Amino acid sequence: MFHRIWAALLYLYGILLNSIYQCPEHIQLTTLGVDGKEFPEPHLGQWFFIAGAAPTKEELATFDPVDNIVFNMAAGSAPMQLQLRATIRKKNGNCVPREWIYHFTEGSTDLRTEGRPDMKTELFSSSCPGGIMLKETGQGYQRFLLYNRSPHPPEKCVEEFQSLTSCLDSKAFLLTPRNQEACELSSN
């Protein structure tokens, strides 16, 4: 009898603890608009990479030499595509251009990166004005990335991102310094 009472008390304690420390819910963005457009119109344009979070530091290592990154998201040349161009300003001052093509997954909000079949990207809203959060999963890694329309969003935005990703088992956190001027995006 004592074991049953003890088990019930522990169970109730667990429910109470879970309700107190419950992670905030993040809302997944829809990639296809209700008006039939084949790309998320409000998410096109220029974005700045602000921060990253992952279960381990190794999953963020690719961003260690980075001072800042500016992205431009545009509709792709084919339906169900997004073109992403970026310029990476490294801490040593060099600028490195990059390009990706994302493909929408039919009936899903997942994006697939052309040439990287193992990589999946999901878009999430951010409570931060002008913000968006991505979750990238690939072979051997998972990471969350925070982007904003401004290169210097309010500190509260970064704190909320870190708190949320911590709830999602991301123990490593990286904040881009953004000390140098952003590189200019090349036009195609």
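Rounded to the nearest 20, the Cβ-based charge dipole of region 95-145 about its Cα centre (Lys and Arg +1, Asp and Glu -1) stands at 160 debye.
Straight-line cross-link reach from LYS90 at under 15 Å between alpha-carbon atoms covers these aspartates and glutamates, not counting any fewer than eight positions away in the same chain: ASP64, ASP67, GLU181, GLU184. Rolling a 1.4 Å probe over the protein heavy atoms leaves ARG112 with an accessible area of roughly 90 Å².
With every protein chain in place and a 1.4 angstrom probe, the accessible-area ranking of HIS152, HIS43, HIS103, largest first, reads HIS152, HIS103, HIS43. In region 81-183, a dipole from Cβ-located charges (positive for Lys and Arg, negative for Asp and Glu) runs towards its positive end, and of LEU168, PRO154, LEU123 it is PRO154 whose Cα lies farthest in that direction. Taking all protein chains together and rolling a 1.4 Å probe, PHE48 ends up with roughly 30 Å² accessible.
Overall, the anisotropy analysis places region 27-175 in the rounded class: the square-rooted eigenvalues a ≥ b ≥ c of its C-alpha gyration tensor yield a/c less than 1.5. The largest accessible area among THR62, THR121 belongs to the first residue in THR62, THR121, and the rest follow in falling order (1.4 Å probe, all chains). Rounded to the nearest 20, the Cβ-based charge dipole of region 27-175 about its Cα centre (Lys and Arg +1, Asp and Glu -1) stands at 400 debye.
Summing Cβ point charges (Lys, Arg +1; Asp, Glu -1) relative to the Cα centre of region 116-188 gives a dipole of roughly 120 debye.
Heavy-atom accessible area for VAL158, with the other protein chains in place and a 1.4 Å probe, reaches approximately 20 Å².
The values are calculated or read from the model by the stated rules, or taken from the named source; none is laboratory data. Owing to the predicted nature of the structure, the values given are computational and were not obtained by experimental measurement. Cβ: placed from backbone, ideal geometry, glycine included. Neighbour counts: every protein chain shown. Remember, those area values only see protein heavy atoms, side chains included, never the ligands or the DNA or RNA. Shrake-Rupley method; radii C 1.70, N 1.55, O 1.52, S 1.80 Å.
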